[in-house]
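Visitor: Attaching a single structure in structure tokens format; questions to follow.
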Amino acid sequence: MMQMKLIRKRRNEYVLLFTASISLAVWLGATFMLEAVFAFGAISLISLLLLLRQSRLLYDATLIWDNRILAVPSALISMPGRQMKKDTGKTVVSTFGILIGSDIYRWGLDGVHGVRLSAVQIDKERMYLTFGDKDQTMRVELLHGMLHKQMVVEAAQKLWHETGVQAEISDW
């Protein structure tokens with residue numbers, strides 16, 4: 001939930017910046033200070049673009065949060081050639097993607113050629129999600145914290161039902 005508050009806060013800051021810069025541009029335009037009008041007009045345009053980008057990010061994060069399948073405290077992300085651990089806030093796995101800290105990875109947006117969830121493996125301690133497109137693949141390792149096999153089976157069924165990817169369950 002902390003990620004959502006951060007994204008929302010940044011969006012609100014962009015709203016304030018946009019409102020202030022457009023107000024100043026209009027006020028300076030009324031006083032015929034053309035150089036300042038162009039400067040504040042440019043700032044208004046940039047802040048509008050940042051506001052639109054942040055609003056889209058907030059929409060995506062809300063969509064992932066509201067349709068979560070699993071939420072865990074951290075994740076280990078692997079890409080070919082590098083590996084990194086993220087401990088910032090919760091990691092949320094959803095029907096529509098994964099939210100790791102304030103980073104959003106969405107799948108299923110661009111049809112056949114876009115990012116897709118391709119594999120899910122679940123063992124007693126971890127869940128491994130593999131997703132990507134034809135150019136880049138990522139693997140996320142999560143400590144799931146599910147203690148009973150029934151919980152694992154339910155999560156696997158929900159993933160299969162919502163994403164179409166059959167989870168491979170091992171060591172139970």
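Visitor: Has region 60-70 got any residue that is open to solvent by less than 90 Å² (accessible area, probe 1.4 Å), at pLDDT below 90, among the β-branched types (Val, Ile, Thr) and out of contact with any Cys (no Cβ under 9 Å at 6 or more places or on another chain)?
Guide: The answer is yes, given that some residue of region 60-70 is open to solvent by less than 90 Å² (accessible area, probe 1.4 Å), at pLDDT below 90, among the β-branched types (Val, Ile, Thr) and out of contact with any Cys (no Cβ under 9 Å at 6 or more places or on another chain).
Visitor: Still on this model: Just for region 27-80: of the residues that are touching a strand residue (DSSP E or B) at 6+ places or on another chain (Cβ under 8 Å) and assigned to a loop (DSSP other than H, G, I, E, B), which one is nearest to Thr163 (Cα to Cα)?
Guide: Among them, the one singled out is Asn67.
Visitor: Does Leu129 satisfy being in contact (Cβ under 8 Å) with a residue 40 or more places away in the chain and within 20 Å of Asn67 (Cα to Cα)?
Guide: Judged against the criteria, Leu129 is not a match.
Visitor: Is it true that some residue in region 131-141 is of a type in the set (Gly, Ala, Ser) and either at pLDDT below 85 or farther than 24 Å from Gln54 by Cβ (or both)?
Guide: Taking every residue of region 131-141 in turn, at least one turns out to be of a type in the set (Gly, Ala, Ser) and either at pLDDT below 85 or farther than 24 Å from Gln54 by Cβ (or both).
Visitor: Does any residue in region 143-172 that is open to solvent by 50 Å² or more (accessible area, probe 1.4 Å) come within less than 6 Å, Cβ to Cβ, of a residue that is assigned to a loop (DSSP other than H, G, I, E, B) six or more places away or on a different chain, and which pairs are these?
Guide: Pairs that qualify, where the first residue is open to solvent by 50 Å² or more (accessible area, probe 1.4 Å) and the partner is assigned to a loop (DSSP other than H, G, I, E, B), are Lys149/Trp172; Trp160/Gln166; Glu162/Thr95; Asp171/Asp123; Asp171/Lys124.
Visitor: Go through (1) of a type in the set (A, V, I, L, M, F, W, C); (2) more than 18 Å from the chain's Cα centre (by Cα); (3) at pLDDT 85 or above for Leu117 and report which single condition fails.
Guide: Condition not satisfied by Leu117: (2).
The values are calculated or read from the model by the stated rules, or taken from the named source; none is laboratory data. As the structure is a prediction and not an experimental result, all values here were calculated from the model. Note that we place each Cβ from the backbone using ideal geometry, even for glycine, and neighbour counts take in every protein chain shown. For the accessible areas, the whole protein counts, side chains as well, though only heavy atoms, and no ligand, DNA or RNA atoms are used. Shrake-Rupley method; radii C 1.70, N 1.55, O 1.52, S 1.80 Å.
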